[in-house]
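All remarks here apply to the structure that follows.
The values are calculated or read from the model by the stated rules, or taken from the named source; none is laboratory data. Owing to the predicted nature of the structure, the values given are computational and were not obtained by experimental measurement. In this analysis, Cβ positions are derived from the backbone assuming ideal geometry, glycine residues included, and neighbour counts consider all displayed protein chains. With ligands, DNA and RNA removed, areas are computed over all heavy atoms of the protein, side chains included. Shrake-Rupley method; radii C 1.70, N 1.55, O 1.52, S 1.80 Å.
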Amino acid sequence: MDVPAPINTMHTSHLKLISFFCANPYNTPNMAKQSDLLVSKIGIIGAGVSGLAALKQLSHHAPVVFEASDSLGGVWKTCSYHSTKLQSPRCDYEFADHPWPNRDDPSFPSHDEILDYLNSYAERFDLFKYIRFNSKVVEVQFIGDRETSEFTSKYGSLLPGQPVWKVAVQTDHSDTIQWYALEFLVICMGKYGDIPKIPNFPINRGPEIFIGKVLHSLDYCKLDREAAAQLLKGKKVAVVGFKKSAIDLALECAQANQGPDGQPCTMVVRTVHWTVPHYWVWGLPFFLFFSTRFSQFIHERPNQNLPKALLCLLFSPMRHVVSKFIESYVLYKLPLQKYGLKPDHPFLEDYASCQMAIMPENFFPQADKGKILFKNTSKFGFFREGLEFEDNTKLKADVVILATGYDGKKKLKNILLEPFCSLLEYPYGVMPLYRGTIHPLIPNMAFLGYIESVSNLHTAELRSMWLARLVDDKFKLPTVEKMLEQVSKEIEIMKRTTRFYKKKHCISTFSINHSDEICEEMGCCSWRKNNLLSEVFSPYGSQDYEKLE
């Protein structure tokens, strides 16, 4: 595949900016002098799942980890409700060298159990000594002196022997800023939490005219049980959204309003997505349809040779058959049509964009009792006593909770200065991350947790293994052009598979191929099973990569 035309624009415009900035590393007026810096080889921003995976694999370099909160866990700590649970079995969400003690327990672990598991992982491998809690990164500046040519041909060593990044860290919520100088920086802040995504409202129809209470789900997560119950009980609550956080929140609202005096919770559904009741479809395990080497064979994937591409094309009708097969079961088990919640798009599109959610088993019984109501609308605004919709109907409310997601892009752009800030989504409109980790146009920096998969923990760990070997110079990156070409292939596949590729950058339909290419680049065998039958028909997980050789 040819490199897209915008890359030529990169060579003539953005590279000039990079060249200027590299030649003037102290062009910011308030820049601290180099002697004022604390120097370290590697810095990691964030101690969530991706940050812990990166820390474990890079621990032999004694990295410094900046965590804004007072504990590890990321979104499991800051963006979880009291009812929040993992949406996959324990054995599908574990580190390769640290299995769950009760990994065969079929129940989905709560967010508290996950935090305990992550803490046990950090304790077992003595990772806490590297983490600096209550240390919020507020600015990242490039201070390297690379030549422009290095951005257009080959990457140099990721540890050049001298600092190339400066990181400003605010500690313990004070006004004190400590600067760190780093040779390599791994950003694991993730796409969720911290900055809420708020819908745009027409003039004079925003939350400011509403006499009730408006909050984002991020604010709700900060409430203790008593405060959350007090907020919801006996109140007319509207929850905007229909993804996992909105579904859990509506269920909590319904449970707080049991009895004759309880008020119903209304879900304002702007885009309907597929949900599934559990991981079985007509008696067959869900992994058979998407998560085995055989099942992923029918989906397009990058770098297919001609025979594989022809076979994939030949079996492409199976994608439609599988999607319809799953849809038939979901519509049989869940009353989606009854409540106007049947999506217009195929199930495959939600799976391919990592937007499929597990529906709690007691959700629709609450809807049947009238405790959860639904309002489908693409646009809405506020009036004095509640919400007004595009069909001119109104809904009175005491509390409106916006479960509308998070602005992960803004989180990054708030700390990363130009010219790199404008390169974050250049030239494809989504982050062009080679192997889901390296931005070809941003030197000496890696990103983890920004491209999702079937199992984000497993993928983050495998990418961290790849990154650690790359940092240790056990293999070299391709040229910038080759990396952009690979990213372009992946993004084009996502575009052809799902209309939601920009909302959720996800590789679920070719995740095994993604892992194979990572293994091959590390010089390891990509086929990890004991026999051919397992290799073809059993799912891949973290345990398959415990000992990479």
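The figures follow:
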item	result
Derived scalar couplings ³J(HN,Hα) [region 369-376; Karplus, 6.51 cos²θ - 1.76 cosθ + 1.60; whole Hz; x for Gly, Pro]	7, x, 7, 10, 10, 10, 10, 8
Under 5 Å, built H, 5+ apart or other chain: amide partners of Val400	Lys213, Val214, Leu215, Ala238
For the chain: relative contact order, % (alpha-carbon pairs under 8 angstrom, 6 or more apart)	21
Pairwise label distance in nanometres, Val39 with Asp472, each label 7 Å out on the Cα-Cβ vector	2.5
Relative contact order computed over region 285-413 (Cα-Cα under 8 Å; 6+ residues apart), in percent	11
Mean Cα-pair separation over length for region 407-471, i.e. relative contact order, pairs under 8 Å, 6 or more apart, %	18
Nearest-0.05 FRET efficiency for Asp261 and Phe389, computed from C-beta distance (R0 30 Å)	0.65
Extension gain (nm, one decimal) between Arg132 and His60, 0.36 nm per residue minus Cα-Cα	24.2 nm
Pairs from Lys308/Lys547; Lys129/Lys503; Lys222/Lys413; Lys77/Lys482 whose Cα-Cα separation, in the structure shown, is over 32 Å	Lys129/Lys503; Lys77/Lys482
Label point distance in nm, Lys482-Lys409, each placed 7 Å from Cα along Cα→Cβ	3.1
Accessible-area composition of the chain, carbon plus sulfur, in percent [1.4 Å probe]	53
Length gained when the stretch Lys369-Gln543 is fully extended (0.36 nm per residue, less Cα-Cα span)	58.3 nm
Residue-averaged 222 nm ellipticity for the chain, from DSSP H runs of 4+ at -39500 (n - 2.57), nearest 500	-9000 deg cm²/dmol
Sequence ranges 494-502, 304-312, ranked by mean other-Cβ count within 10 angstrom, highest first	494-502, 304-312
Where the Cα pairs of the chain fall when distances are cut into 10 Å bins, in %	3, 17, 27, 27, 18, 8, 1, 0
Proximal aspartates and glutamates to Lys411, defined as alpha-carbon separation beneath 13 angstrom and excluding residues fewer than eight positions away on the same chain	Glu139, Asp194
Distance in nm between pseudo-label sites at Arg270 and Lys379 (7 Å out along the Cβ direction from Cα)	1.2
Region 184-200 versus region 289-308: alpha-carbon centroid distance in Å	32
Pairwise FRET efficiency - Lys489 versus Ser174, Cβ, R0 = 35 Å, nearest 0.05	0.15
Extension gain, Leu533 back to Gln230 (0.36 nm per residue minus Cα-Cα distance, nm)	103.6 nm
Centre separation in Å (Cα based) which lies between region 462-512 and region 397-426	22
FRET E, pair Asn200, Ser422, Förster distance 25 Å, beta-carbon r, rounded to 0.05	0.65
Amide hydrogen neighbours beyond the local backbone of Phe374, cut-off 5 Å, H modeled	Met267
Probe 1.4 Å, protein heavy atoms only - accessible area per residue of region 163-268 in square angstrom	45
From phi via Karplus (6.51, -1.76, 1.60), per-residue ³J(HN,Hα) for region 278-292 in Hz, x at Gly/Pro	6, 9, 10, 10, 6, x, 10, x, 4, 4, 4, 8, 9, 10, 10
Protein-only accessible surface order, largest first, of Ser217, Ser83 at 1.4 Å	Ser83, Ser217
